[in-house]
Every structure is written in C-alpha cells, then in structure tokens.
Amino acid sequence: MAVQAIETTFGEAPPPRRQRLLEDERWLAFMLLVPTMVLLGMFIAYPFARGILLSVTNSRVGVPGQFVGLANYYKIWNDTIFRTAVYNTFLYTAVTTVFKLGLGLWLAMLLNRDFRGKAFTRAFILLPFIIPTVLSTFAWKWMFDPTFSVLNWVLYHLGLITGRINWLGDPDLAMISIIVVNIWRGVPFFAISLLAGLQTISPELNEAAAIDGAKPWQRFWHVTWPLLLPVTMVVVLFSVIQTFADFQIVYVMTGGGPANATHLFATYAYQIGVGTGLLSEGAAISLAMFPILFLVVIIQLLYIRRVEVR
Amino acid sequence: MIEGARWRRWVFFYLPMAMFLVFLLFPFYWMIITSFRPDGELYRPWNSVNYNPFWTTRPTLEHVRYLFEETLFSQWLWNTTFIALVSTVISLVCGVFAGYALSRLSFPFAGSLGTGIFITYLVPQTLLFIPLAEIIRNYKLGDTPWSLILTYPTFLIPFCTWLMMGYFKAIPRELEECARIDGASRWKAMLYIIIPVAIPGILSAGIFAFTLSWNEFIYALVFLSSPEQKTVPVGVTSELIRGDVFFWGPLMAGALLGSVPVAIAYSFFVEHYVSGLTGSVKG
C-alpha cells in the first residue's frame, strides 16, 4: 500500500496488480489455460476416475453399490454376448478401415485431377460426413427395410435376386450392412484429408519420375505413397479410434440385434448400463475399450513425435 | 486433364467418379424423395407391379406438416441450435486462449499440457458416458440443456486448441513484438494483434465445432429424458418410432430438415470447413 502511494506521487500511475500479473508469461499462460483445465478436469478426468471406481462396485441406478473388486470384469469376460461384441468391434474396425483407406485414396486421386465442377463435387462428396450420422443412418435403415427395401427392388429388377433379402434380420447380413454404412460415412473424411496431403506433394516429383520412365503404378508406389504416408497414418489412427468406439450406426441400424449378434463395445455398454440400469457393469464394458484405445493413442503420439523430429 | 484415349478417360475417371457419387449421395436422394412421397406410395411392397420407387407424381407436404404440428420438432430444432451455438462459443474462447498459451508463451509443463489436451481430443464420448451421466445427475444438470452445453466442450476444446495452435504458430513473432515495443501489454497484444490475424482459423474451428455439436448423439441420448428438452437427432430417434412402428415419412422429413442447418452452415464455409477438418487431423 505504502509503496503504491509513493509511486502514485510520481506522475504516471503504476499498472494495477492484475495487469502486472498478466505481463508475467507464466501467469498469463496459467490464466489462459484455467477455463480449459477446469472443463476438461470436471468432465473428462473426473468421470474417468469415477468410471474406474464405479466399475469395481455393484451400483445400479439409484442404488449406491459396494466394493466388489474385479467381479464385473470377471463377469463380462465370461459373457458370450460381450465376447461377440469384442469380436464384432475388431472385425468392424479392421474391415471398415481397409475399405475406407482404399476407397478414400482412390477418390482422393480422382479429385486431385483437374476437371470441370471440381469444387462443386468436392463439396458434395463431404455430405455423408457432415450430416448428423444418426439422421443419415435412418435413410440407410429405410433403404435396408425388409419389406420396402429399394435395394431389393434394384437387385430384383437387375435380375440378381428372385426373393427378398432380409438385410437386417440375418446376423451376417446385418453386420455387412453396418459395415457398408460406416464405410459410406468414413470415405469422404479419408478422401478429403488424403486430398489435402496429395496437394502438398509437388507435381514436379511425379513429372521427374515420369521422364525417368516410371509407369503410373510405379510413380504412385515409389513417389506419392511414401510422401503421403505421414498424413495417412494420422488419418487411419484417428479413424480407428472413432470406429472402435462407434455407437450411432449400430444403435440405429440394429440396436445390437438380431439376438445381440451385432453389438459393439459401446452399444453393449449402453444396453447394460442404461437399458438395464446395471451402471457398474456398463462402466466396466466401456472401460474395457480403454487399453486398446490407449495403445492406438500411444502409437499416434510416438509417430507424430517422430515426424516432427525428422 | 487425363492423358490418353477417350475410353481411358471414361474407364479411369468418369465411371469411378460416377460410382462414388451415386454411392455417397443416393441416401440423401432417398431421404428427400421419401419426405415428399404420400404414405400410399411409401408402403408398397418392393416387388409390386408398375412400382417406380425413384419418383413420385403426387408430392405431398403431409410429413412435414405432421412433423411440425404433431411433434415437438420445432422445439428440438431450437434446442439443438441453442446448445450447439453456446457450446461452440465456450469452446472457441477456451480453445483460442489455450492455443495461444501453448503455442506462443513459454512456461513450465507446456509440452506435457499440450500432449494432455491432445489425448483428451482422442477420448471418444462412448468411453465415459456412464460415469458422466452419474456426475451430471449429481450436479442436478440432468434433463437440462446445460448438461450438454458443459459436456460438449470436452470434445470441442481439444480440437479447437489443436487447430488454433497450428494457426498461432504460423504468425510471425515480430508482429507481436512490434506491438509490445509500442507499449501494448501482453494481453492487449494477444487480443488486438494476434487474434484478429487468426480469424480464418477461428472461423474454421467454429464451423467445425458447430457441426460436431449439432451431430452429437450419445450424450444427448443419455442425459436428456423429457421430449421437450431433446435435440433433433435424439428427438427424431425416440419420438418418431413407436415400439416397432417406424413413421418413415416424418422420420425422413425430420432427417432432411434436421440436416439443413448444418448443410447451410457448411455450404457457406466449405473452404473453412475443409481446412478445419484437415487441420484438426494434421495439427
């Protein structure tokens, strides 16, 4: 106080305490990060810890539980539906990722050419990715409807089938249908991200290779692909996480049916945790995803670091 | 253009491109046509004679009328807009601040904090929805828009921060130093010099965040219970299906109209959206 009083007598007023603190880089950084830290702490870190605690009790909705150790994990380990869900999730992630990468890369190469209406086409192609997934999945569900399916109509009139196909009623066909919808939704994301990667590759490199006599396929394999690999890795790992934890498509298309044959981790966790109210078991099921997601995140972090160092 | 004979162009370009376009856009065509087709035509078995599923000669607005008069669709639209806008603004403010601090200020633990935020970016909503539902209930936020406005930033902030870090890093240091020499405080230099330069980045992050929160499903499904609080994706899912009966006309009309706001936001800012999308991946 006294110091301030003396200083004010010298013409210029000193900056208030608040402003002086903001001049300090560390304080400013701290202040700028507080809102983010509070929100992420309250709604990511705290729920995560809470989820782990929940998964080692036997809570239900409205009933505070008691500590039961790893009983929930032991229970789901022996649960055949859970095992099916684990198998489905791996299958779903692997198959869709391969197709999304292949088709996305193909589409990116097509879009990387010059043609009339390119900007327009590119804008339209992203629609499956930006339209709310739940809403567009309903369109697919309606296309796969057992009685009114337009796909059956087309196949029938092309002479490929004679009777109807019950797309969502058969476990294998239902899984295929879900995979198709996921590929449909993911291809634009891959295509646009890979296109952005392709555009950073100087055309001169390909021209130089062409002059040296490299065939288109060789040019792709030895010039384009290695340069595109960093972007591809990031996009693939990102998509793997999203697909592995997917919920919406299965929830709308089959709800996990027929006879619990198409559940993924997330839909089964929802069915147990919210549907039947076994909170702790549901929490255990969704946390069972964590080790795999963690592994993918680690790979991604290591990869990004390696690319940055280079 | 493509070198070589005409047939090559067709086989290697036009044909695959057309196939991609049909595959990617047909569901939307089907959504639109179903929305305006009378019920009598909708529910005809797929193998009935003289049935053309791809066109209707008697378009109707019956399904749209049903949606607005018999359901709370307009309320859902409003809820979704409100939630998406507020959570986008919150996330942008947090993300811009955090992105600035992490990319332009030096302080202890900056690197590990950045990595921490990047990891939360990769946490899927389905990992935490059950404990989060309990927390929301304990905070007495259940069944209110605030349950979503406060939780959506958890997946929006990391992505906004990540995107903004990229933008801020690209702005030359001299710009800020000039302002500082002229007597601006750090805070003012950030607010009046750096942030205005980063407007395109903020716009990209905002558009992307808006569409993400408009599309969010599982939190809205779990945290909201009364029909008048629901968002469009959840309302359409839960109120237009009674037991096993799907009201396909209104359902498709709802899907169509529920997609229009994001489609409009997107169409105005395609370039920003694309740079947000690719920036969010590459960082």
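The values are calculated or read from the model by the stated rules, or taken from the named source; none is laboratory data. Quick caveat, the model's predicted, so the values are computed rather than measured. Cβ placement follows ideal geometry from the backbone for every residue including glycine, while neighbour counts extend to all protein chains displayed.
Kindly indicate whether B:THR154 is over 25 Å from A:VAL34 (Cβ atoms) and either under 25 Å from the mean Cα position of the chain (by Cα) or at the interface with chain A (Cβ under 10 Å from one of its Cβ atoms) (or both). No: the conditions fail for B:THR154.
Scanning the range B:175-217 for residues that are of a type in the set (Ser, Thr, Tyr) and either surrounded by fewer than 21 Cβ atoms within 10 Å (Cβ to Cβ) or touching a strand residue (DSSP E or B) at 6+ places or on another chain (Cβ under 7 Å) (or both) gives B:SER185, B:TYR192. B:LEU92 falls short of the stated requirement of being at pLDDT below 85, surrounded by 15 or more Cβ atoms within 10 Å (Cβ to Cβ), within 13 Å of chain A (Cβ to nearest Cβ) and within 31 Å of the chain's Cα centre (by Cα). Considering every residue within the range A:196-211, establish whether at least one is in a loop (DSSP other than H, G, I, E, B), over 30 Å from A:PRO146 (Cα atoms) and within 13 Å of chain B (Cβ to nearest Cβ). Looking through the range A:196-211, at least one residue is in a loop (DSSP other than H, G, I, E, B), over 30 Å from A:PRO146 (Cα atoms) and within 13 Å of chain B (Cβ to nearest Cβ).
Specify the residue that is nearest to the other protein chains (Cβ to nearest Cβ); the eligible residues are those in the range B:97-120 that are aromatic (Phe, Trp, Tyr) and surrounded by fewer than 21 Cβ atoms within 10 Å (Cβ to Cβ).
In the first step, residues of the range B:97-120 are kept if they are aromatic (Phe, Trp, Tyr); the result is B:97, B:100, B:107, B:109, B:118.
Restricting the remaining residues to those that are surrounded by fewer than 21 Cβ atoms within 10 Å (Cβ to Cβ) gives B:107, B:109, B:118.
Values: B:PHE107: 4, B:PHE109: 10, B:PHE118: 7 Å.
Going through the qualifying residues, I end up with B:PHE107.
When the residues of the range A:102-144 are filtered to those that are facing chain B (nearest Cβ under 8 Å) and not in a helix (DSSP H, G or I), the one that is surrounded by the most Cβ atoms within 10 Å (Cβ to Cβ) is A:ILE131. Residues that are at pLDDT below 95, closer than 30 Å to A:ALA196 by Cα and either assigned to a helix (DSSP H, G or I) or more than 7 Å from every other protein chain (Cβ to nearest Cβ) (or both) do occur in the range A:34-44.
Name every residue in the range B:154-189 that is among the basic types (Lys, Arg) and in contact with a helix residue (DSSP H, G or I) (Cβ under 7 Å, 6 or more places away or on another chain), in order of residue number. Show your work before the answer.
As a first pass, look at the range B:154-189 and keep what is among the basic types (Lys, Arg): B:169, B:173, B:180, B:186, B:188.
Correct list: B:LYS169, B:ARG180, B:ARG186.
Conditions tested, residue by residue: (1) over 21 Å from B:LEU256 (Cα atoms); (2) touching an Asp or Glu at 6+ places or on another chain (Cβ under 6 Å); (3) in a helix (DSSP H, G or I).
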{"site": "A:GLY159", "(1), (2), (3)": "yes, no, no"}
{"site": "A:ASP172", "(1), (2), (3)": "yes, no, yes"}
{"site": "A:VAL181", "(1), (2), (3)": "no, no, yes"}
{"site": "A:GLY186", "(1), (2), (3)": "no, no, yes"}
{"site": "A:SER193", "(1), (2), (3)": "yes, no, yes"}
{"site": "A:ARG219", "(1), (2), (3)": "yes, no, yes"}
{"site": "A:THR224", "(1), (2), (3)": "yes, no, yes"}
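Considering only residues in the range B:232-274 that are over 13 Å from the mean Cα position of the chain (by Cα), more than 26 Å from B:GLY40 (Cβ to Cβ) and surrounded by 23 or more Cβ atoms within 10 Å (Cβ to Cβ), the one that is nearest to the other protein chains (Cβ to nearest Cβ) turns out to be B:VAL234. Residues in the range A:70-88 that are over 24 Å from A:ILE176 (Cα atoms) and surrounded by 13 or more Cβ atoms within 10 Å (Cβ to Cβ): 6 in all. As a summary of the residue check, B:SER106 satisfies the conditions (1) outside any helix (DSSP H, G or I); (2) at pLDDT 95 or above except for the one numbered (2).
In the range B:122-198, counting only helices (runs of 4 or more DSSP H) that sit wholly within it, the ones holding 3 or more residues that are hydroxyl-bearing (Ser, Thr, Tyr) span B:153-170.
What residue, of A:THR147, A:THR133, is assigned by TED's automatic domain parsing to the domain that holds A:ASN182, without any contact (Cβ under 8 Å) to a residue 60 or more places away in the chain and of a type in the set (S, T, N, Q)? Walk me through it before giving the result.
Values: A:THR133 fails: without any contact (Cβ under 8 Å) to a residue 60 or more places away in the chain.
Within the list A:THR147, A:THR133, the selection yields A:THR147.
Restricted to helices (runs of 4 or more DSSP H) entirely inside the range A:229-298, those with at least 3 residues that are free of Cβ contacts under 8 Å to residues at least 24 places away in the same chain are A:265-270.
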